[in-house]
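Here is the structure we will look at.
The values are calculated or read from the model by the stated rules, or taken from the named source; none is laboratory data. If you're wondering where the values come from, they're calculated on a predicted model, not measured in any experiment. When we count neighbours, we look across all protein chains shown, and the Cβ atoms used for this are built from the backbone with ideal geometry, even at glycine. Protein only, heavy atoms only, side chains kept; ligands, DNA and RNA dropped before computing areas. Shrake-Rupley method; radii C 1.70, N 1.55, O 1.52, S 1.80 Å.
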Amino acid sequence: IYSCCCLSRRLNQLSSHDPLWKRHCKKYWLISEEEKSQRNQTWKAIFISTYSDLGRYIRYYATLKKAWDDLEKYLGQRCPRMIGSLKESVREEDLDAVEAQIGCKLPDDYRCSFRIHNGQKLVVPGLMGSMALSNHYRSEDLLDIDTAAGGFQQRLGLKQCLPLTFCIHTGLSQYMALESVEGRNKYEIFYQCPDQMARNPSAIDMFITGTSYLEWFTSYVNKVVTGGYPIIRDQIFRYVHDKECVATTGDITVSVSTSFLPELSSVHPPHYFFTYRIRIEMSKDALPEKACQLDSRYWRITNAKGDVEEVQGPGVVGEFPIISPGRVYEYTSCTTFSTTSGYMEGYYTFHCLYYKDKFFNVTIPRFHMVCPTFKVSTARMVSAGAETNHNEYAVDEDEDSTDTDEYEDRRRVLDIPAPSGRCPRHT
């Protein structure tokens with residue numbers, strides 16, 4: 001008994017040693033020295049009070065809080081107006097009420113994130129990224145908990161799915177499956193893709209964007225804060241740039257970034273829509289007489305089957321840009337494939353402004369476009385009498401790809417016509 005009493009005394013003394021709690025406060029709750037000074041409490045008291053409120057999220061809180069802090073700091077420097085659209089945190093009872101309303105449990109990582117920020121207001125630009133073409137604009141807001149609950153789905157095809165994002169222009173959302181039904185994994189995140197060839201309206205294919213809320217949100221934030229997504233006109237644009245996708249010809253460098261557009265794509269029929277942003281830059285050290293003007297473009301487009309299409313035309317996006325030392329010209333275009341992947345390469349033809357009879361080609365590096373993993377609707381598989389299989393499906397239908405030059409820099413946020421879902425050839 002005496003030994004136990006001594007042990008208990010020692011444990012009690014040890015548990016009251018404040019520096020030990022400091023480490024846990026910083027590790028699990030990201031409490032800084034400055035915040036401790038403001039709260040005027042011991043490290044132990046801070047840990048206990050925080051744990052009593054957020055203890056169920058101890059596995060996720062530090063990761064999600066850091067992601068939110070990094071995102072706010074980055075946006076505050078580059079597009080501060082987006083910070084004003086973020087909502088304050090919600091309470092535990094608010095999240096409990098939503099669970100009671102929809103009849104499903106919310107995952108703890110999702111709940112944890114909303115204890116930090118309750119999404120954002122329905123405004124433009126959206127926190128979850130934008131995309132623009134001449135006749136199409138998308139900007140996804142991160143929904144607050146009440147708006148998300150209002151959009152909770154019980155209909156066939158999207159049963160027990162909760163919207164995470166929403167675009168007020170296209171109606172596009174990313175959904176999270178709250179149960180493992182209709183071929184989805186629990187907590188899987190996806191863009192819905194209606195099966196246009198099925199008679200059953202519940203036949204909805206899915207482009208997968210995440211396996212859990214934590215992975216989905218933190219991977220997106222990491223792309224943003226590391227500069228993986230460019231900031232254009234005070235918005236996050238979801239273009240991905242391959243650092244090896246750069247080609248230099250003389251004093252001119254061409255680089256390419258790409259993006260997949262789920263809202264203009266479909267699995268049935270096979271139609272995969274990609275947009276790409278091209279940057280053409282002349283070295284600032286080039287001689288003034290190297291100034292030149294773009295005359296035409298040539299593309300060699302290859303799909304996953306090896307089918308090749310060649311396209312040649314004047315200028316780009318209806319323009320014939322002049323490139324001079326230190327000048328950068330950027331434009332956006334798009335292409336479609338009938339296969340889940342493909343690549344493009346080619347060259348631009350320029351003429352010198354000082355020597356008008358001198359023409360030369362500038363290489364466009366090969367860049368690949370790959371559709372994200374998708375799942376085929378269980379309704380289609382059942383109606384076709386096929387064996388249920390929820391893996392990614394290959395599509396064999398054939399359709400030519402097209403090359404189109406599209407304006408981005410003249411895009412306007414409002415009064416955008418409804419997208420056709422096709423990318424008409426530029427003339």
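In the stretch 314-331, the condition of being touching a Leu at 6+ places or on another chain (Cβ under 6 Å) and of a type in the set (Phe, Trp, Tyr) is met by at least one residue. Against the list (1) exposed (fewer than 15 other Cβ atoms within 10 Å of the Cβ); (2) assigned to a loop (DSSP other than H, G, I, E, B), the condition TYR229 fails is (1). Among the candidates SER338, SER324, the residue that is surrounded by fewer than 21 Cβ atoms within 10 Å (Cβ to Cβ), under 30 Å from PHE190 (Cα atoms), touching a strand residue (DSSP E or B) at 6+ places or on another chain (Cβ under 7 Å) and among the small types (Gly, Ala, Ser) is uniquely SER338.
Applying the set (1) within 19 Å of GLY55 (Cα to Cα); (2) among the small types (Gly, Ala, Ser); (3) open to solvent by less than 40 Å² (accessible area, probe 1.4 Å) to GLY151 leaves exactly one unmet item: (1). Number of residues in the stretch 283-294 that are assigned to a strand (DSSP E or B) and either farther than 16 Å from TYR347 by Cβ or open to solvent by 40 Å² or more (accessible area, probe 1.4 Å) (or both) equals 1.
For the stretch 201-211, which positions are open to solvent by 30 Å² or more (accessible area, probe 1.4 Å) and out of contact with any strand residue (DSSP E or B) (no Cβ under 6 Å at 6 or more places or on another chain)? Result: PRO201, THR211. Scanning the stretch 232-277 for residues that are within 21 Å of PHE337 (Cβ to Cβ), in a strand (DSSP E or B) and of a type in the set (Ser, Thr, Tyr) returns SER257, THR258, SER259, SER266, TYR272, THR275, TYR276.
On the basis of being under 27 Å from TRP29 (Cβ atoms) and among the polar types (S, T, N, Q), does SER113 make the cut? It is true that SER113 is under 27 Å from TRP29 (Cβ atoms) and among the polar types (S, T, N, Q). Hey, does the stretch 354-366 have a residue that's loosely packed, with under 15 Cβ neighbours inside 10 Å, of a type in the set (S, T, N, Q) and over 20 Å from ARG279 (Cα atoms)? No, the stretch 354-366 has no match at all.
Would you be able to tell me the number of residues in the stretch 47-68 that are open to solvent by less than 60 Å² (accessible area, probe 1.4 Å), of a type outside the set (Gly, Ala, Ser) and within 16 Å of SER113 (Cα to Cα)? The total comes to 9.
Within the stretch 187-198, is even one residue among the charged types (D, E, K, R) and open to solvent by 60 Å² or more (accessible area, probe 1.4 Å)? The answer is no, given that none of the residues of the stretch 187-198 is among the charged types (D, E, K, R) and open to solvent by 60 Å² or more (accessible area, probe 1.4 Å). The residue list ALA148, ALA198 contains one member that is among the hydrophobic types (A, V, I, L, M, F, W, C) and touching a strand residue (DSSP E or B) at 6+ places or on another chain (Cβ under 6 Å), which is ALA148.
Of the residues examined, VAL221 is not one that is assigned by the TED database to the domain that holds ASP69, over 30 Å from TYR74 (Cα atoms) and among the β-branched types (Val, Ile, Thr).
Filtering the stretch 268-304 to residues that are over 30 Å from the mean Cα position of the chain (by Cα) and among the β-branched types (Val, Ile, Thr) leaves nothing.
Taken residue by residue, the stretch 410-423 has no member that is within 16 Å of ARG277 (Cβ to Cβ), modelled with pLDDT of 95 or more and of a type in the set (A, V, I, L, M, F, W, C).
Comparison of SER173, SER134, SER130, SER180 shows that the only residue that is open to solvent by 40 Å² or more (accessible area, probe 1.4 Å), at pLDDT 95 or above and either farther than 25 Å from ALA379 by Cα or not basic (Lys, Arg) (or both) is SER180.
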